[in-house]
Amino acid sequence: MTEDSKKESLAGLDRPLRIGTRQSPLAMAQATMAANALQSVHGWRPDQVELVPMIASGDKILDRSLADIGGKALWTKELDRALANGEIDCAVHSMKDVETIRPGVFIVAAMLERADIHDRLIGAGSIEALADKAIVGTASPRRKAQLLRQRSDLDIRLIRGNVQSRLQKIADGEYDATLLAAAGLNRLEMEDVGSDISDEIMLPAPAQGAVGVEARTDDPHVRRLMRAISSTSTFRAVTAERLFLERLTADCHSPVAALATIDGATVHLRAEILLPDGSESIDGQSSFHTGDVSAPGNLADKLLGQSSAKLKAVFGR
């Protein structure tokens with residue numbers, strides 16, 4: 001990169017680029033990944049990027065599920081306010097925690113290359129190895145439903161908090177086991193913690209393992225800066241998963257899983273919907289061109305069309 005191109009990439013910024021993030025260890029690690037990528041691709045010095053950590057509402061309320069207190073917006077609203085007010089230039093999010101329908105003033109300007117999509121079980125080597133009626137902590141309706149589909153005897157209880165606090169609760173014996181995203185553990189340099197669960201057993205949440213960077217829609221300069229660090233394949237895959245989710249009109253109570261992979265110009269999308277107790281599930285898949293934005297929704301319609309009235313009701317149909 002020439003000196004002239006470096007100057008162009010910094011044009012309009014007479015201060016460091018301010019990256020908003022939740023202040024949890026995992027969120028800070030992900031924001032650091034974005035900062036490092038920007039420094040690398042644009043040839044910036046470390047002091048030309050500034051992390052701006054914030055406490056999200058979702059990090060403050062730990063005794064109730066997100067679905068009961070406001071949903072995924074509790075992960076984003078503080079960052080949204082700061083971004084809208086110009087206090088930060090962009091915000092880094094775990095894409096699985098971002099509402100499917102976002103305010104038009106914001107746009108996902110980049111997604112970093114996707115990491116491991118699997119869930120990881122902590123407390124046992126496999127789901128089958130869990131003791132009879134083992135207490136498993138999770139805040140995810142998807143994980144709860146998928147676990148109960150495999151083992152209806154399990155005692156699934158709410159667990160909240162960051163990765164470190166959840167692991168401590170297992171160590172203290174409050175729970176026998178829990179499930180965490182392998183991507184998050186790896187980003188915290190905990191690659192040896194837990195056992196991966198095959199996606200054939202537990203298909204991941206839509207956008208699991210993906211980190212996104214949002215900017216203001218009316219800020220073309222920052223959007224252009226972010227575009228340089230974006231993974232096209234990740235963006236296409238996660239977009240397909242989120243379009244599937246959007247057609248379902250799913251909320252935080254809805255057990256939904258989806259995983260898209262990219263093969264050249266083709267998207268392969270696998271998905272499933274479940275009853276909260278795991279007693280019923282419908283899965284399916286579809287392959288389509290990367291430019292086909294209707295195909296993910298068509299798959300959602302197909303799965304709902306095959307579902308019982310009880311399962312349809314979970315998705316307001």
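The values are calculated or read from the model by the stated rules, or taken from the named source; none is laboratory data. Not measured: the values here are computed from a predicted model. Neighbour counts run over all protein chains shown; Cβ positions are idealised from the backbone, glycine included. Ligands, DNA and RNA are stripped out before the accessible areas are found, and what is left, the full protein with its side chains, is counted by its heavy atoms. Shrake-Rupley method; radii C 1.70, N 1.55, O 1.52, S 1.80 Å.
What do you reckon, how do C90, C252 stack up by accessible area (1.4 Å probe), largest on top?
C252, C90
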query: Dimensions of the chain along principal axes (Cα, Å, largest first)?
result: 63, 46, 33
task: Express in nm, to one decimal, how much length is gained between N85 and T261 on full extension, taking 0.36 nm for each residue of separation and deducting their alpha carbon distance.
output: 59.7 nm
- request: Calculate the radius of gyration of the Cα atoms of the range 175-317 to one decimal place, then report Dmax, the largest Cα-Cα distance, as a whole number, both in Å.
  value: 16.8, 50
- line: For the chain, the accessible surface attributable to carbon and sulfur atoms (probe 1.4 angstrom, ligands and nucleic acids excluded) amounts in percent to 50 percent
- line: the chain accessible area per residue, 1.4 Å probe, protein heavy atoms, integer Å², reads 44 Å²
field: For the chain, calculated [θ]222 nm from helices alone, where every DSSP H run of n ≥ 4 adds -39500 (n - 2.57)
entry: -10000 deg cm²/dmol
query: Taking a 1.4 Å probe, which of T21, T266 shows the most accessible area, and what order do the others take after it?
result: T266, T21
- prompt: Which listed residue (M28, V105, L154) has the Cα farthest towards the positive end of the charge dipole for the chain, taking +1 on Lys and Arg C-beta and -1 on Asp and Glu C-beta about the Cα centre?
  reply: V105
